[in-house]
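K.L.:
One structure, as structure tokens, below. Some questions next.
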Amino acid sequence: DGFKTLIYEKKDSIAYVTLNRPQALNVYNIQMRDDLYEVLRAIQDNSEVRVAIFKGAGEKAFCAGADISEFLTAPSPIVARQVRFERDVWGVFLNVPQPLIAAVHGYVLGSGIEIALCCDIRIASEDARFGLPEVGLGIIPAAGGTQTLPRVIGRARALEMLLTNRWMTGEEAYQCGLVNQVVPR
């Protein structure tokens, strides 16, 4: 499929997108952003695809957030803004007409929650752990978690996660509406 950070498969009318950096807990990096942008555009433009399922490779994580090592090499704000404008992966995520399903397990942190929140249906395994650890680094979630999370789970719960780095279990995520169901791994 030609992607460095994803596996893209289409079987009948279902697209499967696997975040494929298991050695790094599927953390979201610049290459993954570019790969996701291409895959999402392909799904969006393919009338044969009726639904897409997003999952993470490996045993430990759906996506354990952003690649912190790349934060230290970030381009200037002007360049970064231009890149975001040209490759607005989050905007494409939210504009794909087909239903998107996140099948999450293990660590669902930072960008991992944000990817899941861009999906229409979220299914978690019993071992899922949700968190926004950015506050521990002195930053706020960059991809919209500050907006999407309160819309889904309510302002009070979202602020608790955003301000205190409190993590949620799969069952807690189900109880507050962050996920639609919890299933055995």
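The values are calculated or read from the model by the stated rules, or taken from the named source; none is laboratory data. What you see is a predicted model; the values in this text were computed from it and never measured. Reconstructed Cβ throughout: ideal geometry from the backbone, glycine too, with neighbour counts over all protein chains shown. SASA here: full protein model, heavy atoms, side chains in, ligands and nucleic acids out. Shrake-Rupley method; radii C 1.70, N 1.55, O 1.52, S 1.80 Å.
K.L.:
Identify, please: which residue in region 152-170 is more than 18 Å from the chain's Cα centre (by Cα) and in a helix (DSSP H, G or I) and is, among those, surrounded by the most Cβ atoms within 10 Å (Cβ to Cβ)?
P.N.:
Across region 152-170, the extreme among qualifying residues is Arg157.
K.L.:
Something else now. Of all residues in region 88-101, count the ones that are open to solvent by less than 40 Å² (accessible area, probe 1.4 Å), touching a residue at least 24 places away in the same chain (Cβ under 8 Å) and not in a loop (DSSP other than H, G, I, E, B).
P.N.:
Qualifying residue count for the region: 5.
K.L.:
Hey, another quick one. Of all residues in region 118-134 being touching a helix residue (DSSP H, G or I) at 6+ places or on another chain (Cβ under 6 Å) and at pLDDT below 95, which is farthest from Arg33 (Cα to Cα)?
P.N.:
Per the criteria, the residue is Leu132.
K.L.:
I'd like to verify a number: residues in region 10-61 that are assigned to a loop (DSSP other than H, G, I, E, B) and polar (S, T, N, Q), how many?
P.N.:
First, pick out the residues of region 10-61 that are assigned to a loop (DSSP other than H, G, I, E, B): 12-13, 20-21, 25-27, 29, 46-50, 57-60.
Retained after the next criterion (residues that are polar (S, T, N, Q)): 13, 20, 26, 29, 46-47.
The number of residues fulfilling the criteria is 6.
K.L.:
Moving on. Does region 102-116 contain at least one residue that is part of a loop (DSSP other than H, G, I, E, B) and at pLDDT below 95?
P.N.:
yes
K.L.:
Please give the number of the condition Leu149 fails out of (1) of a type in the set (A, V, I, L, M, F, W, C); (2) at pLDDT below 95; (3) buried (at least 22 other Cβ atoms within 10 Å of the Cβ); (4) in contact with a strand residue (DSSP E or B) (Cβ under 8 Å, 6 or more places away or on another chain).
P.N.:
Failing condition for Leu149: (4).
K.L.:
OK, next. For region 126-146, give me the residue count where each residue is outside any loop (DSSP other than H, G, I, E, B) and crowded, with 16+ Cβ neighbours inside 10 Å. Quick ask: steps written out before the conclusion?
P.N.:
As a first pass, look at region 126-146 and keep what is outside any loop (DSSP other than H, G, I, E, B): 129-131, 133-137, 145-146.
Subsequent filtering for residues that are crowded, with 16+ Cβ neighbours inside 10 Å retains 129-131, 133-135, 145-146.
Matching residues across region 126-146 total 8.
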